[in-house]
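Read the structure below first, then the notes.
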Amino acid sequence: MKLKQTYPIPESVIREKIESLSALPVLDSFAEDVLQLLDEPTTTTSNLLRVVETNPVLSAKILKTANSPVYGFPQSIATVEFAFSILGFDIIKETIVLSLLSSRFEDKTREDVRLQQIWEHALATAIMAKKIARDVNYPVIGEAFSAGLFHDIGYAVIFRLFQNEFEQLYQVSLQQKSARDFSNLEESFFGKITHQIVGAYLLEKWNLPASVCEAVKFHHEPVRAERNLFLASIVHCADIVVRRDGSSASPFDENIIVVDSAVDFLKQHCQDFEVRYFHQTSKPKVIKSVLLKKQKMVV
Amino acid sequence: MKREHTNTLPSGLEDVSMLRSALPQLEVAMEQRETYIKALEKTIDVLKDELPQNTRSTFRQSFYINDMMTFHRRSCSLSVSKSYQEHFELLRTFVSEIFPVVDINIFSFDGQNFKTLLSSYHNLTQEFERYRESGVIRWVVDEKSLIVLSPVESVAFDKRSMVILPLVIGHIVIGCVILLVEKKPEDFSVLHRRILSVLAYQSAIGLFHLQKQQEKVLDTAELKNVVAASLKKLNYQEVTIECSNEVYIHNLKVVSEIINALFEKILQHQISKVKIFQTAYYAVVQLEINRSFNSIERLKVVQKSVRSYYGDITLGQRENDSILTLFLPLRSEYVQ
């Protein structure tokens, strides 16, 4: 199978398509559970929060709404809980229902399997980022969770906008047995516009705080983060740790390399950071149990 | 004779016909006039209606200003409250005058960490911790602005709100107040926010004074402790000096007695006996003199340390005498 000559896709085309993107699809199984929860009269904001924050798409949608200038907090709200407090129960309910309903009308049969894997990895990274943030005394722990949750949102955008082309390239890479080296695949398809940049660009368009966008943009090379090196380092290490210990399986970015300076930076805030996260083998069980709990909550 | 009907009217009636022809125009004019009058009347009515409204509005404004001034004056009592409890009660009273308060908690901030300063019925520490982790508190501290939120555990049609007020002195946040009130977030007006800001401002000044007062009290207590410890040390040193003095005097007396005994032997020309015992005496005298010098050195050290605290301390007459007793014979040419 040969690639078309139009690759890599020009940056302007990618940006134009992202700008026109108003929402990302939500997995059907998740949507049903959330709608069921919304139907119950005893559901509280807190219950809803625990479920919504396990889903990057809904979380991003809620943050997009809360960060819009209408509510007076543009680019200030980094956590879903903050957004919930600002919007209130009724608006959150409306936002979720609209988001889920619009998602129902879209064909996403092919996306489901891979998105499922990506979202599981995103959630594991988010939980790990929260844990690391607590250990290194990061001031806003929820922000680390959000950045972890959104770190691979670029993939969802790519699937959504360039599904056919991406599928084609993925098959090529499988044939060449190089699927694991996904950065090469991305480069051949998007040029310099990687999933990190795509994700960060989308979050910027949706008015999310700059520090979260930056952490998403530089989660593979956190030293480039100028605004908030702390957050970018946390997300980077969380991403690496959950991949290494096998608590989540993502089909992409398998060969991501740990950046020593990020680990060193975090060691300044927690002396035994390296020992805790890179030399211990008991961590996967912890994360897996948390993941199971989160999944049970949704069910 | 048949009267000829002509279009021409007899004289005198021409004016009437003119009037008839002008009638429609007159009617229109009158209608217009009536409309005009009605319009004028309506205008007058509207103006009549508006006038009291304006008066009322002016009254309302003046009432608003007076009310604000009164509230501001009253809230000044917050800034001069004498204790944390009094401050807390005052704050709760003032906020309750604006809307029903469910709970109030005050947290202090040292630039890094928050800790509960005062709380009423329920402790909102858990809620506060959640807000801190979710970045709400950081926003309040950065923006130095109050925020009105839906409570974390709210349900549909919930009428409660959580208000977080920063306590700012100059440009420094020294804490924040969390209020749980029976009012929906969307029902908070600009006036409510302004009044709450005034209260927060006064509360910040009051708490700042109380903190400073508490610090002074702690400093004074610490100072008292230091003074007490110093006095204790001084007493101990005095006792030590006294004991040391006794020891020194004893040592010096022993030495002087030995030396005196030696002198007596010499004076009695019992040289032979002296010779017999000379070596032994000499060793003893040497030892005693060394011990005395050591004692004197130690005494000097004690004096020095005491002097650094309490100035010069003179040795007692007995010590002087003892030293003289020691040194005078030593100066004698008999003992080398």
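So here's what we get for this one:
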read-out	value
Positions within the range A:69-83 being surrounded by 19 or more Cβ atoms within 10 Å (Cβ to Cβ) and among the aromatic types (Phe, Trp, Tyr), in sequence order	A:73, A:82
Residue selected from the range A:48-68 under the condition surrounded by fewer than 24 Cβ atoms within 10 Å (Cβ to Cβ) and without any contact (Cβ under 8 Å) to a residue 40 or more places away in the chain, by the criterion nearest to the other protein chains (Cβ to nearest Cβ)	A:49
Any hit, the range A:114-137, residues being within 14 Å of chain B (Cβ to nearest Cβ) and hydroxyl-bearing (Ser, Thr, Tyr)	no
Residue list for the range B:201-247, filter: under 30 Å from residue B:176 (Cβ atoms) and in contact with a helix residue (DSSP H, G or I) (Cβ under 9 Å, 6 or more places away or on another chain)	B:201, B:202, B:203, B:204, B:205, B:206, B:207, B:208, B:209, B:210, B:214
Count of residues meeting criterion [under 21 Å from the mean Cα position of the chain (by Cα) and either within 14 Å of chain B (Cβ to nearest Cβ) or in contact (Cβ under 8 Å) with a residue 60 or more places away in the chain (or both)] in the range A:29-46	4
Segments classed as helices (runs of 4 or more DSSP H), wholly inside the range B:80-186, with at least 3 members that are buried (at least 21 other Cβ atoms within 10 Å of the Cβ) and in contact with a helix residue (DSSP H, G or I) (Cβ under 6 Å, 6 or more places away or on another chain)	B:84-98
Candidate set from the range B:133-150 (those that are at the interface with chain A (Cβ under 7 Å from one of its Cβ atoms) and hydroxyl-bearing (Ser, Thr, Tyr)); member that is farthest from residue B:193 (Cα to Cα)	B:134
Which listed residue is touching a Lys or Arg at 6+ places or on another chain (Cβ under 9 Å), of a type outside the set (Val, Ile, Thr) and in a helix (DSSP H, G or I), from B:235, B:225, B:245	B:245
Per-region count, the range B:112-132, residues touching a residue at least 24 places away in the same chain (Cβ under 8 Å) and either within 14 Å of chain A (Cβ to nearest Cβ) or of a type in the set (A, V, I, L, M) (or both)	7
Some residue of the range B:189-209 being in a helix (DSSP H, G or I), small (Gly, Ala, Ser) and in contact with a Phe, Trp or Tyr (Cβ under 8 Å, 6 or more places away or on another chain)	no
Selection count where residues are more than 8 Å from chain B (Cβ to nearest Cβ), closer than 16 Å to residue B:185 by Cα and within 22 Å of the chain's Cα centre (by Cα), scope the range A:78-100	2
Within the range A:10-29, considering residues that are modelled with pLDDT of 70 or more and acidic (Asp, Glu), the one surrounded by the most Cβ atoms within 10 Å (Cβ to Cβ)	A:11
Evaluation of residue A:129 against (1) closer than 30 Å to residue B:160 by Cα; (2) at pLDDT 90 or above (one fails), failing number	(1)
Any hit, the range B:36-44, residues being more than 22 Å from residue B:179 (Cβ to Cβ), loosely packed, with under 10 Cβ neighbours inside 10 Å and at pLDDT below 75	no
Odd one out for residue A:75 among (1) among the polar types (S, T, N, Q); (2) within 10 Å of chain B (Cβ to nearest Cβ); (3) out of contact with any Phe, Trp or Tyr (no Cβ under 8 Å at 6 or more places or on another chain)	(2)
Filter result (at positive phi and away from chain A (no Cβ under 11 Å)) within the range B:151-204	B:170, B:175
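So that you can scan it fast, the table gives a plain yes or no per residue for (1) in a helix (DSSP H, G or I); (2) touching a strand residue (DSSP E or B) at 6+ places or on another chain (Cβ under 8 Å); (3) modelled with pLDDT of 85 or more:
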{"site": "A:63", "(1), (2), (3)": "yes, no, yes"}
{"site": "A:76", "(1), (2), (3)": "no, no, yes"}
{"site": "A:90", "(1), (2), (3)": "yes, no, no"}
{"site": "A:101", "(1), (2), (3)": "yes, no, no"}
{"site": "A:137", "(1), (2), (3)": "no, no, yes"}
{"site": "A:144", "(1), (2), (3)": "yes, no, yes"}
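The values are calculated or read from the model by the stated rules, or taken from the named source; none is laboratory data. Worth saying up front: this structure is predicted, and the values here are computed from it rather than measured. With ideal geometry, Cβ positions are generated from the backbone for all residues, glycine too; neighbour counts draw on all protein chains shown.
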